[in-house]
Amino acid sequence: MSRYLPLTPQNTANQRWNRFTDYHHAQAEHVVAVTAPEVSRIAAHLPMAFIRREDGSAQLVALLGLEAGVNHCLDEDSSWKAGYVPALLRAHPFRMLPPKGGKPTERTLCFDADSPWISGAGKEPFFQPRLAGVETPAQLTSALQQVVNFLLELEKHFYKTDQAVRSLDQLDLLKPLDLSSIQGRPIEGVLQVDESRLNQLGDEHWLQLRRQGGVALAYAQMISTQQLPTLRSYASGFVPAQAATDELDLDQLFGDDQDVFKF
């Protein structure tokens, strides 16, 4: 389980962090939130779907496992088997999260206090050393600042991706995706695009959906379900061969004027 705390000198006292060398921090993740700029790469390797947040809003995710709490994209050494690693997993152990009691649009840099990559024996400091006798605000190290810049860009992508997902949800274009589990707890509450309803949209709603990025996202999600057999293969312990050039070209698929995935 993750336990995210605001990254402050007080919360990180006597702690340092290491750059991860495998993905055992993601062993219990059977889904991960993803953004629109990633979908062409994800759809070539993993199925995508939608889940509901606690507030009822829909969120785009990549499916990593077919059993709740199990990531089937990892091998016995916790190396990544699928061809693309979602960006949020590459940012571990850091996240931008809403501060407690703050506005929904506010974000605070947080760290996973229970991460295996944070300990007193870590190599990377969180903050630059302070000069003796000089009271100055704590400054992040250059290595951590690079992570922060990446996370800030990722937050912009999440915001715009949520707009596209909301446009699909508002038109009632999401329906349950039936996923049978391999064993253990079944995965429930997973959604997919209702292709029949999508094809029945009138011109006005279709144009509205396209302007908000929903059309491209819908087709990307539907195409990505072709990767469900691949995920089942991972779950059974078999690693299928991946072509080196199997990325989907969504720019060609949706036309040059559809630039929603270039933000």
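Percent of Cα-Cα pairs more than 31 Å apart in the chain, please.
So the pairs more than 31 Å apart make up 32 percent of the total in the chain.
Based solely on its DSSP helices, what 222 nm [θ] is calculated for the chain when runs of n ≥ 4 H residues each add -39,500 (n - 2.57) and the sum is averaged over all residues, nearest 500 deg cm²/dmol?
-8000 deg cm²/dmol
What is the diffusion coefficient of region 64-208 in µm²/s, taking the Kirkwood radius over Cα pairs and the Stokes-Einstein relation at 4 °C with a viscosity of 1.567 mPa s?
Stokes-Einstein gives a translational diffusion coefficient of 66 µm²/s.
Pull out the extension gain between Arg3 and Gln226, defined as 0.36 nm times the separation in residues minus the alpha carbon to alpha carbon distance; nm, one decimal.
76.9 nm
Give me the dipole magnitude in Debye, nearest 20, for region 9-82 about the Cα centre, with unit charges on the beta carbon: positive for Lys and Arg, negative for Asp and Glu.
Details: 6 positive and 9 negative charges, 55 e Å.
Charge dipole of region 9-82: 260 debye, to the nearest 20.
In the chain, which whole DSSP H runs stretch at least 27 Å along their own axis (Cα) and average -0.5 or higher on the Kyte-Doolittle scale?
Within the chain the helices that satisfy the rule are 142-170.
Would you mind ranking Trp117, Trp17 by Cβ crowding within 10 Å, fewest neighbours first? Can you show the working numbers first?
On the way: Trp117 19, Trp17 25.
Least crowded to most crowded, the residues run Trp117, Trp17.
Take the alpha carbon gyration tensor of region 46-124, find the square roots of its eigenvalues, order them as a ≥ b ≥ c, and report rounded if a/c is under 1.5; if not, report prolate when a/b exceeds b/c, else oblate.
It is oblate, given that a/c is not under 1.5 and a/b is not larger than b/c.
Evaluate E = 1/(1 + (r/R0)^6) for Glu188 and Asn149, where r is the Cβ-Cβ distance and R0 equals 30 Å; express this FRET efficiency to the nearest 0.05. Could you put the intermediate results ahead of the total?
On the way: r = 37 Å, r/R0 = 1.22.
Efficiency, from the Cβ-Cβ distance: 0.25.
How high is the relative contact order of region 12-79? Use alpha-carbon pairs under 8 Å, at least six apart in sequence, and give a whole percent.
It comes to 40 percent, rounded to a whole number.
Taking Cα pairs under 8 Å and at least six residues apart, what relative contact order does the chain come out at, in percent?
28
How much length would be gained if the chain were fully extended between Glu124 and Glu204, taking 0.36 nm per residue of separation minus their Cα-Cα distance, in nm to one decimal?
Extra length from Glu124 to Glu204 when fully extended: 23.5 nm.
Give the lysines reachable from Lys160 as a straight Cα distance under 24 Å; neighbours fewer than 8 places away on the same chain don't count.
Within the straight-line limit of under 24 Å, Lys160 reaches these lysines: Lys100, Lys103, Lys175, Lys262.
Throughout, read-outs are computed from the coordinates displayed, never taken from laboratory work. This structure is a prediction, so every number in the text was calculated from the model and none was measured. Neighbour counts are summed over all protein chains in view; Cβ atoms, including those assigned to glycine, are modelled from backbone coordinates with ideal geometry.
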